[in-house]
Number of protein chains: 4
Amino acid sequence: MNAAIPHIGFLPAGARDLISDVPGVTVGHSTLAHGDIQTGVTVIRPHQGDAYREKVPAACAVLNGFGKSIGLVQLAELGTLETPIALTNTLSVGTVATAQIRSAVADNSRIGREQPTVNPLVFECNDGYLNDIQALAVEEAHYREALSCAAAGFVQGCLGAGRGMSCFELKGGIGSASRRVGIGESAYHVGALVLANFGKLRDLIVAGERIGSALSDKIRDGSATPEKGSIIIVLATDAPLDARQLRRLALRASVGLARTGSVFGHGSGDIALAFSTAQTIPFATQEPVLSLRCLHDAFLDPLFHAVADSTEQAILHALFAAETTTGRDGHRRVALRDLL
Amino acid sequence: MNAAIPHIGFLPAGARDLISDVPGVTVGHSTLAHGDIQTGVTVIRPHQGDAYREKVPAACAVLNGFGKSIGLVQLAELGTLETPIALTNTLSVGTVATAQIRSAVADNSRIGREQPTVNPLVFECNDGYLNDIQALAVEEAHYREALSCAAAGFVQGCLGAGRGMSCFELKGGIGSASRRVGIGESAYHVGALVLANFGKLRDLIVAGERIGSALSDKIRDGSATPEKGSIIIVLATDAPLDARQLRRLALRASVGLARTGSVFGHGSGDIALAFSTAQTIPFATQEPVLSLRCLHDAFLDPLFHAVADSTEQAILHALFAAETTTGRDGHRRVALRDLL
Amino acid sequence: MNAAIPHIGFLPAGARDLISDVPGVTVGHSTLAHGDIQTGVTVIRPHQGDAYREKVPAACAVLNGFGKSIGLVQLAELGTLETPIALTNTLSVGTVATAQIRSAVADNSRIGREQPTVNPLVFECNDGYLNDIQALAVEEAHYREALSCAAAGFVQGCLGAGRGMSCFELKGGIGSASRRVGIGESAYHVGALVLANFGKLRDLIVAGERIGSALSDKIRDGSATPEKGSIIIVLATDAPLDARQLRRLALRASVGLARTGSVFGHGSGDIALAFSTAQTIPFATQEPVLSLRCLHDAFLDPLFHAVADSTEQAILHALFAAETTTGRDGHRRVALRDLL
Amino acid sequence: MNAAIPHIGFLPAGARDLISDVPGVTVGHSTLAHGDIQTGVTVIRPHQGDAYREKVPAACAVLNGFGKSIGLVQLAELGTLETPIALTNTLSVGTVATAQIRSAVADNSRIGREQPTVNPLVFECNDGYLNDIQALAVEEAHYREALSCAAAGFVQGCLGAGRGMSCFELKGGIGSASRRVGIGESAYHVGALVLANFGKLRDLIVAGERIGSALSDKIRDGSATPEKGSIIIVLATDAPLDARQLRRLALRASVGLARTGSVFGHGSGDIALAFSTAQTIPFATQEPVLSLRCLHDAFLDPLFHAVADSTEQAILHALFAAETTTGRDGHRRVALRDLL
C-alpha cells in the first residue's frame, strides 16, 4: 500500500512504519460491523507489563476540547498513564472506562483500598454518520477482546474504533506511522496512531497538494454540514522524556494535522497524547527518590519533526487504508482510493 | 443543626443555607446502604429545563488532579455544562456517565446524529474505606433515581454519593451552604455543595480553631495512612458571569477548603466547579449573535468572599450532619458530633 | 507584489489584505538601521481611543513558550488588553514595557493610585543574527515614535521590529494579510500581522510546495545551527467574541504557521494573540452589569479558516516583502525574491 | 521577634526560619526611602553559581493573574529559571528586567548570539499608596545593588521591594520562614519569602483567630476601597523535584495565604513560584541525556504541609516585622505591632 502513498518529510520510517516500531508497543482491535452497527474499540498498550504497576510518563495536548475523552485530569496532574489507551465511539466512553476499571481491579486486587484507584483513559470520536451510535453497542467484552489481541503487527483501516469513522467526508479510520531519529549516539523511534474522523473534503491536502476541492465535486451531494468530527492522535517514543517534554511533543501533532487541511474545527474534538517507554515509574516504592534519565530540551527538535511527519503520514495511511463502507440508514462513505 | 455550627464570615446565608437558594437549582440522592455496600449517587440540576438544550456557563478549577472526574475537557473548551452534575464513587464514573448519555439521548433523539453528542459530567471521590468500591454496585438506575427526586429541599449528610465518604478520618458526606451578596442595586446568591472525603484528623480546623490534634488522640488507632481522599465542590450563582469569571470563582473554593485544614494532599482529587444560572446558551440558534449580560470584573470580590465562606460552611455542614457509620469489613467512621 | 504570491485558501482578502482591514486597527514602525544595529519597534493599536480606558477582549495561545513576551499573565486572567501591542527584539522588552507604562501614565494620571496599574504588552523575537542585540539600542522614544505614526496604510517588510529578523534562514520581518467572512447576515474581517523570525530553510513550504530543500542547496554554508527564532502572530477581528473564543482563534494561527513548514522548534518562541474590536470593556463603570454581544460558538468555523489562511498569507507576505540585508559583523540574509 | 509570633503548624522551622535555610539561597535588598519615594528591589539568588549556566527546575502557580510579572511564559514551557528572582514595584518591572538582561549578558558574552537569549524573571506588587509609583524611581543600579548584597542572613520587614507595601491595610513588606521535613532517610528544607501587599483589615486572620474585624475599628477612616494589592510568594526547597512537582508545591502556597484571610481578591496579583536547588540543568551539554533524581509523588505531602505553613508563617513575619511608615502625600500605614 505504501508504494502509492507519498512519504512525508526527511526522516526514515521505522521497520513497520507503525507505532509498534517503538519497542513494546502493541495495538489490538475489536470490530462491530453488522448493518447499522459500525463501530468498535482499539487498544494501545504502552508496554507488555502491568500499566498500573509500571506507569509510563505521558501528557496530552488538547487542540480542540469539544470532546468527551476520559482520564485527562489525572494525566495532567501526575504525568503518567496507568492503563492501556482505549479508543472508541463517543457514547461508549463510559462503558469502556468501566471495562478498564474492572480489568485493572482484576489484576490488582487492592485497588481502591490500600492502593489508589485507577485512572481510566478513553478517547473517542463520533461515528454517528455510519454507526447507530445511540444503540450503545459497545460492551465491556469488546474492550477485553481488543486488549487480548494487541500485537505489534496490527492492521490499519476500518477496524476497531476506526470502523465507523469518516475523514474529510470520505471513509476514515485507524492509521499509523513511525519515524526514526538519531540524537547524539542514540537512535530513537517516534510512532503515531490516529483515529481519523475529521475534516471537510474541500480542505483535504495530501502531501502539500490541495486535492480536496476537485474531489469534492465528485461526491458532493449538495448538503453543507458543519464539521462534527474529531481526531485522536496517540504518540509513542522510546526517547527518555518527562511529562513536560511529552506535552511539547503532543502539541507538535497539530503540525501534521494542519498540513492535511484541518483547522481544528469547532465541532471536532482534537486531542493528542504522547508517552515515553524509556522508563517506568513504579506505582509504589520504598525508596522515595527515583533516578530518571531525561533528554536535554535542546535536543528535542528531531523528535518534533518526527511527531509532525508521523502524524501526517498516519492520517494519510488511515485515508488510503480505508474501504468504501455503508452503514446506518444506508449512509455511505467512499474510500479515497476509490476516488483517485 | 445550624445552631451549634459556627457561621463562617460576614455575609448572611440564604433562606435555606443550601445551594438551592440559587433559584432553580435542585439536588437529589440515590443511596445504597446495605452491609459492605455504602455508596450512592447525588445529582445537581442547574435549572428545571433540559440542560442539553439550554446550557449554562460553567468552569472548573482543578486544585489537585489526582482524580477521575469526567467531562472537564469540553467544559474548559466551551465554557458550558449540558447535563446535570453527577457525583458518585470513583469506580462508578463510567456507569454514571453512560446513564447521563442515555438520559440525554432519551430526551433529544437527534444527539450524535444531526446534533452534537452530549458531554457527561461526573465527579467522584473514593469511598473505598467504608464501601466495597470494587463491587461497582452503582447502576444506571441509581443516576435516574437521584435525578428524578431532585428538589430544592434536599437533605445533607450520609446520603447519595456522600454515603460512604470519610472526611478528616471522621464520617464525611454531603454538605451545602449559601451566601447572599449585594452588588449595585442587585442581590445575588452563591451556593456551595461539597462531597467531602478528604483530610487527616490532625489537620482539622473548625472556624479557625485547630481542634484536630486533640480529637486525633481520641480515635487514633496507630496506623498512619497517607491521604487518599478527595473533595468535589459545586458552586452555583445567579450572578451573570461568563466562563472565564466562573473559573475565577471556582478557584476561590480553595480558600474555604484551606481554612478547614486541607493542603490539597497528593492523593486527594480536589476539584471545584462553578456555574451561573443567570442566563442560558441555546444548543442551536438561527441568529449567530447572542446578547449576554456579564458582571464587570471589578465587582467580583463579594462573590469571591461568598464562595470561600459557603465552601467552608458546606464542609462544616457535611461534618456536622454526618452520622457514625459502619461499612465494609466492619470499617467504622465516627461522626464529629459523637466526638465533641 | 501580491501578483506573484499565491492566494491562500478559499476566502477573499480584505481591501488592503492587511490587519488594518479590521476597522480601527492601525500599525506603526520605528526602524533602526545603521551598521550593526538592525532592529526596531512595531506597534499595533486595537482602536483609535485610549486602550486603557476602553479595553478590548483578547487572548493568547502559546505554541512554544521559549520566549520573553510580557503581559500574558494578566491577559489570561482578565481577558482584555489595555495598551497598544508592541513588538521588538528580545533584549529590549523591558525598555519597551517601561515606555508603554510611561505612555499610559501620561494619558491617565491616576494609574497606580486610585486606578489600577497598567499591563504592558510586549512581544519579541531574537534578531541577534543581523542585529547587535546586546547593544540594547531600542530606546523608549522608539516606542513613542512607532505609536505616533500608526496608520491603516502601513508598509510590510524589513521595518520596525522586523528590521533584523530572519525567517527560514532568509530575510524575515513584518507581514500582514486579511480575510473576509460572512456569518449569517453579517460580514466580518480577520486580520493577521506576523513578526516572522523562525524556521530552517530546508523546511520551507510555500502554498503547499516544499521548495525549501532545493533553495537550501543554493545558500547553505555548511553550518547546521539549531533554530533560535520565533514568530509572533497578532490577530484582529471585528466579530463579537469573548476571551475564551479568542483563545480558540489564536490557537488556529498554528495551522497557518504549520503549513509554511514550522514545527514550533524548541528554540522558537511562537505566540499568537487575538483580539476583537467589536466592543470595548470600560476600565471603570457605575453599572455593574455589562451587556455584551457574543457569537455563538457553532458559527466559529469560518473565522478559524480566516485565521489559518491569513496567518499563512501574512508569513508569505513577510518573506516576499523582505529585502536582502546585511547587518552585524557582516552577517547577511538573502531575500526570498532574490533566490527565486 | 519570633517569641511573640505564633508558630504555624506541626513542622519545625529551619535554623534561621528564613528561605535561606535552603542551602545556597541568598537574599538582598536595595531600598529607596526618602519622602514620597518608598520602594525598592529584593533579589533572591537560587544558588551561588551563574543562574543562566546552571538552571534550576522551577514552576509558577498563578492564583490571581491581575499582575504584571515578567518571565512566566518561558518558565512554564521549559521548567527552569535562569536569572535571580527579582521583586519590585509594578511600574518598575521593565527597568528591572532590563537590568537582569544586562547583568546576564555581562556574565555570558554569547547570549543572544551563539547562545539563547536570557529570560528575565521579575515579580511585582503595587506600592502606590505609600510610594510615588509614577516616579519610576527604581533604576537598574538598584537591581545590581540588591544582587551584590545578597546573603543568607538577610533582614525582613520594610526593606527592598517591601519598603512601600501595605498588607491588610497595615504596613506590609518582606517576610520569610522555613520548615524542615523528613522523607525516608533524608531531611529536606522548604523556605518561603513573601512580598506581602494584599488584603482588607477586616479579613485578617492570625493563626486561626479573626482579629481583623476588631482591629479594623481602631484605624478605619471610613473609606471603603477595593483591594488593589498583591502577594508574591517565592518557595525554595532542596528536595529533588521536577517542574511538574514544583507547580504542585507552588499551588499549596495558596493554602497558607488563605489561612491569613485572603480570598485572592480581584485586584490582587497573587503568584507563587517554587524552585528546587537539588540539582541544576546545564545551559548546554554535549551529552543529550541527563541523569536526574526525582522524588516519587507519593512522598510529596510533607512538602505540601511545609509550603502551606512556611507561607502562612512568612506572611505573619512580614506583618510583625513591619514598622509604621509614612510616605507619598503623607499616606501612612500602621504596623501591626503598634496596634496590638
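Scanning chain A for long hydrophobic helices, with DSSP H runs required to stretch 20 angstrom or more by C-alpha along their axis and to average at least -1.0 on the Kyte-Doolittle scale, returns A:93-107, A:243-258, A:301-321.
Out of every Cα-Cα pair that region C:100-145 contains, those further apart than 15 angstrom amount to 58 percent. Two decimals is fine: what is log10 I(q)/I(0) at q = 0.13, 0.15 Å⁻¹ for chain B, from a Debye sum with one equal scatterer on every Cα and no solvent? Those come out to -0.89, -1.19, one per q. Across all Cα atoms of region B:1-129, the radius of gyration (one decimal) and Dmax (whole number) stand at 16.7, 55 Å.
Result for chain D in a Gaussian network model with C-alpha springs under 10 Å: among D:T117, D:T95, D:T324, the largest mean-square fluctuation is at D:T117. Each Lys and Arg adds +1 at its Cβ and each Asp and Glu adds -1 at its Cβ; summed about the Cα centre, chain B shows a dipole of about 260 debye. Once the convex hull of all Cα atoms in region A:71-141 is built, its volume per residue stands at 89 Å³. Principal semi-axes of the equivalent ellipsoid, √(5λ) from the alpha carbon gyration tensor of region C:254-307, are 33, 17, 7 Å from largest down. Karplus-derived 3J(HN,Hα) values for region C:29-35, using 6.51 cos²θ - 1.76 cosθ + 1.60 with θ = phi - 60°, are 10, 10, 10, 10, 9, 8, x Hz; glycine and proline are entered as x.
Peptide B:95-104 shows a mean partner chain C-beta count of 4 within 10 Å per residue C-beta. Sorting D:238-247, B:132-141 by average packing, meaning the other beta carbons within 10 Å per residue, from highest down gives D:238-247, B:132-141. Scaled to the globular estimate 2.2 N^0.38 Å, the Cα spread of region A:172-307, given as radius of gyration, is 1.30. Sorted into 5 angstrom bins from 0, the C-alpha pair distances of region D:279-340 split as 4, 12, 12, 10, 10, 10, 10, 8, 9, 7, 5, 3 percent. Model label points for B:D338 and B:N108, set 7 angstrom from Cα along the Cα-to-Cβ axis, are 4.5 nm apart. Here the protein assembly as shown is treated with +1 on each Lys and Arg Cβ and -1 on each Asp and Glu Cβ, and its dipole about the Cα centre works out to around 0 debye.
Could you work out what % of the accessible surface of the protein assembly as shown is carbon and sulfur, using a 1.4 angstrom probe and leaving DNA, RNA and ligands out of the count? The C+S portion of the solvent-accessible surface of the protein assembly as shown is 49 percent. Taking the convex hull of the alpha carbon positions in region D:1-72 and averaging its projected area over all directions gives 8.4 nm².
Sorted from nearest, the other copies put their B:A187 label points 5.1, 5.9, 7.6 nm away, the label point being 7 Å from Cα in the direction of Cβ. Here the peptides A:149-156, C:175-182 are ranked by packing, the mean other Cβ count within 10 Å, and the order with the highest first is C:175-182, A:149-156.
The mean number of Cβ atoms from other chains found within 10 Å of a Cβ in peptide C:281-294 is 5, as a whole number. Shortest first, B:P12 label-point distances to identical copies amount to 5.2, 6.1, 7.9 nm, with the label point at 7 Å from Cα along Cα→Cβ. Evaluated at q = 0.14, 0.15, 0.26 Å⁻¹, the base-10 log of the normalised Debye intensity for region D:112-168, with identical point scatterers placed on the Cα atoms, takes the values -0.55, -0.62, -1.25.
Across peptide B:117-125, the average count of Cβ atoms from other chains found within 10 Å of a residue's Cβ is 4.
Per residue, the protein assembly as shown exposes an accessible area of 29 Å² to a 1.4 Å probe, with every protein chain left in place. Between identical copies, the spacing of B:A151 label points, each set 7 Å from Cα toward the C-beta atom, reads 6.0, 7.1, 7.4 nm from nearest to farthest.
Only protein heavy atoms count here, probed at 1.4 Å, and on that basis chains B and A bury about 3600 Å² of accessible area in total. For a straight C-alpha distance cut-off of 26 angstrom, the lysines reachable from C:K218 (same-chain residues fewer than eight places away being disregarded) are C:K171, C:K200, C:K228. Pairs of Cα atoms nearer than 8 Å and 6+ residues apart set the relative contact order; for chain B it is 26 percent.
Ellipsoid semi-axes for region A:133-216, based on the Cα gyration tensor and the rule √(5λ), read 26, 26, 8 Å when sorted largest first.
The smallest convex shape that holds all Cα atoms of the protein assembly as shown, its convex hull, gives 148 Å³ per residue.
The values are calculated or read from the model by the stated rules, or taken from the named source; none is laboratory data. Keep in mind that this is a model prediction, so the values were computed, not measured. Every residue, glycine among them, receives a Cβ derived from its backbone with ideal geometry; neighbour counts consider all protein chains shown. These accessible areas exclude ligands, DNA and RNA; they are computed on the full protein's heavy atoms, side chains included. Shrake-Rupley method; radii C 1.70, N 1.55, O 1.52, S 1.80 Å.
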